[in-house]
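Only one structure is covered here, and it is reproduced in the block below.
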Amino acid sequence: MSRFRVGTGDTSWPDDTGCGLLHVDMDAFFASVELRSRPELAHRPVVVAGAGPRSVVLSANYHAREFGVRSAMPVGAAKRLCPQAVYIPPTRGLYSEVSAGVMEIFREFTPLVEPLSLDEAFLDVRGALKRLATTPAAIGAEIRRRVAEEHGITCSVGVAKVKFIAKLAGGLAKPDGMVVVPAAETLAFLHPLPVSALWGVGKRTGEHLKQLGLDTIADVAAAPLPRLRRSLGVAVGEHLHALANGHDDREVVPDAPEKSIGAEVTFDVDKHDRAELGLELLRLSERVAGTLRAKEIRGRTVSIKVRFADFKTITRARTLAAATDVAREIHGTAVELLAEHAPTGAVRLIGVRVDGLGSAGGGEQLTFESDAPRWRDAEVAADSARSRYGAAAVRPASLLSRQDG
């Protein structure tokens, strides 16, 4: 794969004609952002994680990854693998701020930006090439330079003809590199890779493919399509066969509408008290409603997620008469669902989610001669206060004793 890789500072790269899709991914994003203010830790293993006994690793720099530390790993397991690492608590709001700045750089080159997460996106730069008198790889190199210069972190870029190949290339470019896959060499790049590199191949499908004697992507590409359909099912067989032959007709979809907004919390100690769980649901409902209002959308369906001490997990939902972005309505529905479907038992995790999203432009359902409090007006006023004075400026009174001690 070395012939496809472009190192930092290189000014020449493989032929990128026809390779108008980029995949850009920040390197160890949360850890890199934290290390900007702690440069003395740059050459030490660093892990970003909460302090609770059930916390998981949010990010690990590459020095920590050499010891086997990975994102989503329990912190206890990470400390056993790398006890010498420096553990840093996450800084609330910081990563979204940096992400917004990075995405703005992307949009200076093309409006066709499809974010996959805070630190990762696809870009379609085909329309920008003539306007900017440049090439896809040159755009990738300039993005890497701008991100490093303006935000003090590094990113890796994959350049290819289709999304699937660009994402693979971006992964192989890590850390702090760029991989350009010429259109004419797509299969030469793809076929030596293991079947696990195919999009949609998890552990079970990977094992099944190996049982069929298909170890590399080249094996899948060469397998008769009817055999793959019989063994994997029609949809999966056709999907993997197409990818293995370098075909992926998905377009970059900018600003894809969100399907749901949610928030959840895992407790350090299992909770039995339903009154305490009700307060957690209020805190989560406040977060969800605030996000809905900030995005100017509302939702019709409220759901809760409850994970018990034995890891049994339930989800229950209820559709409202009208769409809402009001925390009081979301919380009221969530508490009812909790009482009806999880009245007893120790709870490890609880979450709230709102689905059925749509624009808030349609207005509210009006009632005449109503003395009911205008809860939405109060929450919008609280949003304004928080934007000026910080997130802790205004909170429900029932949460004050919990958060302020």
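The values are calculated or read from the model by the stated rules, or taken from the named source; none is laboratory data. The model shown is predicted, which means the values in this text are computed figures rather than measured ones. All Cβ positions, even for glycine, are placed from backbone atoms using ideal geometry, and neighbour counts span all protein chains on display. Just the protein is used for accessible areas: all its heavy atoms, side chains included, with ligands, DNA and RNA removed. Shrake-Rupley method; radii C 1.70, N 1.55, O 1.52, S 1.80 Å.
Number of residues in segment 341-377 that are modelled with pLDDT of 90 or more and either part of a loop (DSSP other than H, G, I, E, B) or of a type in the set (S, T, N, Q) (or both): the value is 5.
Taking the criterion of being in contact with a helix residue (DSSP H, G or I) (Cβ under 7 Å, 6 or more places away or on another chain) and either β-branched (V, I, T) or within 16 Å of A256 (Cα to Cα) (or both), the residues of segment 107-130 that qualify are T110, V113, P115, L118, A121, F122, L123, V125. Residue selection: L338 satisfies the criterion of being at pLDDT 95 or above and more than 26 Å from the chain's Cα centre (by Cα).
Restricting attention to segment 36-59, does a residue exist that is assigned to a strand (DSSP E or B) and more than 19 Å from the chain's Cα centre (by Cα)? Within segment 36-59 (the criterion being assigned to a strand (DSSP E or B) and more than 19 Å from the chain's Cα centre (by Cα)), the answer is yes, since at least one residue qualifies. The one condition from (1) open to solvent by less than 20 Å² (accessible area, probe 1.4 Å); (2) among the small types (G, A, S); (3) out of contact with any Phe, Trp or Tyr (no Cβ under 8 Å at 6 or more places or on another chain) that A49 does not meet is (3).
For the condition under 21 Å from the mean Cα position of the chain (by Cα), on the phi < 0 side of the Ramachandran plot and of a type in the set (S, T, N, Q), T291 qualifies. Looking at A85, A133, A148, just one residue is open to solvent by 10 Å² or more (accessible area, probe 1.4 Å), over 17 Å from the mean Cα position of the chain (by Cα), over 30 Å from A242 (Cβ atoms) and modelled with pLDDT under 95, and that residue is A133.
Within segment 126-167, the residues that satisfy the criterion of being in contact (Cβ under 8 Å) with a residue 12 or more places away in the chain and among the basic types (K, R) are R126, R144, R146, K161, K163, K167. Give me the residue from segment 52-70 that is open to solvent by 70 Å² or more (accessible area, probe 1.4 Å) and in contact with a strand residue (DSSP E or B) (Cβ under 7 Å, 6 or more places away or on another chain) and, out of that set, nearest to I153 (Cα to Cα). Checked segment 52-70; the qualifying residue nearest to I153 (Cα to Cα) is L58. Inside segment 261-279, residues that are at pLDDT below 90 and among the charged types (D, E, K, R) make up a count of 1.
Every test in (1) surrounded by fewer than 16 Cβ atoms within 10 Å (Cβ to Cβ); (2) among the small types (G, A, S); (3) assigned to a loop (DSSP other than H, G, I, E, B) is passed by G246 save one, and that test is (1). Within segment 209-238, being open to solvent by 60 Å² or more (accessible area, probe 1.4 Å) and not acidic (D, E) holds for K210, Q211, A222, P224, P226, R227, R229, R230, V234, A235, V236.
Taken together, the residues in segment 280-304 that are surrounded by fewer than 18 Cβ atoms within 10 Å (Cβ to Cβ) and at pLDDT 95 or above amount to 1.
Taking first residues from segment 33-60 that are over 19 Å from A78 (Cα atoms) and partners that are among the aromatic types (F, W, Y) and open to solvent by less than 30 Å² (accessible area, probe 1.4 Å), the Cβ contacts under 8 Å between residues at least 6 apart in sequence or on separate chains come to V33/Y95. For segment 163-200, a residue qualifies if it is within 21 Å of the chain's Cα centre (by Cα) and open to solvent by less than 20 Å² (accessible area, probe 1.4 Å), and the qualifying residues are K163, F164, I165, A166, A169, G170, A173, L198. Is there any pair linking a residue in segment 316-330 that is open to solvent by 70 Å² or more (accessible area, probe 1.4 Å) and hydroxyl-bearing (S, T, Y) to one that is modelled with pLDDT of 95 or more and part of a strand (DSSP E or B), with Cβ under 6 Å and at least six apart or on different chains, and which? Partner pairs satisfying both residue conditions: T319/T301. Of all residues in segment 11-21, those being open to solvent by less than 40 Å² (accessible area, probe 1.4 Å), closer than 21 Å to A121 by Cβ and either out of contact with any Asp or Glu (no Cβ under 8 Å at 6 or more places or on another chain) or outside any strand (DSSP E or B) (or both) number 3. Among the helices (runs of 4 or more DSSP H) confined to segment 174-233, the ones with at least 1 residues that are among the aromatic types (F, W, Y) are located at 186-190.
Of all residues in segment 143-158, those that are assigned to a strand (DSSP E or B) and over 18 Å from R107 (Cβ atoms) total 2.
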